[in-house]
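What follows is one structure encoded as structure tokens, with my remarks underneath.
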Amino acid sequence: ADAIRLLSLLRAATDTLDIGGGEPLCRDDLEELLTHCRRIGLRAVVNTKGIGLEERPDLLRLADAVVLSVDTLDRGRLTALLGRDEAMADRALRNLEFAVRNRIRLGARLVLGAVILPGRVEDAREILRYCVEHGLGFRFSPEIQGMAVNPALVGDPAYRGFVEEALQRKREGHAIFGTRQYLEGIRDFPPFRCYPFLLPAIRPDGRICYPCLEIGKGEV
């Protein structure tokens, strides 16, 4: 009841809700919350690892978009990244295949999201090509340490080449998320100004971190 009341309060200020985590699928009432979003005209994007999606197909029908966090399609490397056994990696990959196979029938807009790690650029390239092949959206970002990009990616020709390929795919009309300027920015890493008024963070206990969560100042 509290969550539904909160959604109704948010609807007065916005038309789009981005549900992240942690892991949203840990909530067994997620379908109920997404149904309420539809009822009040609040578009909902669910960001998830996708483990358990097979057992909850209504999530693909109720969410306006589902963003699956996928950092590699390789079973062995995924096992290491998850820090769990191979069965969990198999389950994650099986749920990805389920979502891809059923997205049209269930009306879901499906996006794969990846964080680019040093030494793992080829994993990201494989995910990009998988998205192009299957007509999925793709969004990515370099690994961030604190408030700065991982220095191992700066000047890395493999990373730069990957971003160039993503830019080219975008020019060809594929659903690569981010403006051209943004993609060029995470390719070249020029100096930039922070725009702290854009995204204050409301914490689960109701505190507002302003100007942003990373700085963590101005809590009210």
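Identify, by number, the condition in (1) in contact with a strand residue (DSSP E or B) (Cβ under 7 Å, 6 or more places away or on another chain); (2) open to solvent by 50 Å² or more (accessible area, probe 1.4 Å) that Leu9 doesn't meet.
In the conditions (1) in contact with a strand residue (DSSP E or B) (Cβ under 7 Å, 6 or more places away or on another chain); (2) open to solvent by 50 Å² or more (accessible area, probe 1.4 Å), Leu9 misses (1) alone.
Scan segment 111-123 and give yes if some residue there is surrounded by 17 or more Cβ atoms within 10 Å (Cβ to Cβ) and assigned to a helix (DSSP H, G or I), otherwise no.
yes
Provide a single number: the residues in segment 64-87 that are out of contact with any strand residue (DSSP E or B) (no Cβ under 8 Å at 6 or more places or on another chain) and open to solvent by 30 Å² or more (accessible area, probe 1.4 Å).
Adding up the residues that qualify gives 13.
Which condition does Met147 not pass, out of (1) within 20 Å of Arg120 (Cα to Cα); (2) at pLDDT below 95, if it passes all the others?
(1)
Within segment 148-168, identify whether any single residue is without any contact (Cβ under 8 Å) to a residue 60 or more places away in the chain, touching a strand residue (DSSP E or B) at 6+ places or on another chain (Cβ under 6 Å), among the aromatic types (Phe, Trp, Tyr) and open to solvent by less than 60 Å² (accessible area, probe 1.4 Å), and answer yes or no.
no
Please tell me if Glu32 is of a type outside the set (Phe, Trp, Tyr), modelled with pLDDT of 95 or more and either surrounded by 12 or more Cβ atoms within 10 Å (Cβ to Cβ) or within 28 Å of His174 (Cα to Cα) (or both).
yes
Looking at this structure, is Leu53 open to solvent by less than 30 Å² (accessible area, probe 1.4 Å) and of a type in the set (A, V, I, L, M, F, W, C)?
yes
Which fully enclosed helices (runs of 4 or more DSSP H) of segment 1-107 have 1 or more residues being within 30 Å of Gly206 (Cα to Cα) and hydroxyl-bearing (Ser, Thr, Tyr)?
It comes to 2-11, 30-40.
The values are calculated or read from the model by the stated rules, or taken from the named source; none is laboratory data. Predicted, not measured: the structure shown is a model, and the values here were computed from it. No Cβ is skipped: glycine too gets one built from the backbone with ideal geometry, and neighbour counts run over all protein chains shown. Note: areas computed on protein heavy atoms with side chains; ligands, DNA, RNA excluded. Shrake-Rupley method; radii C 1.70, N 1.55, O 1.52, S 1.80 Å.
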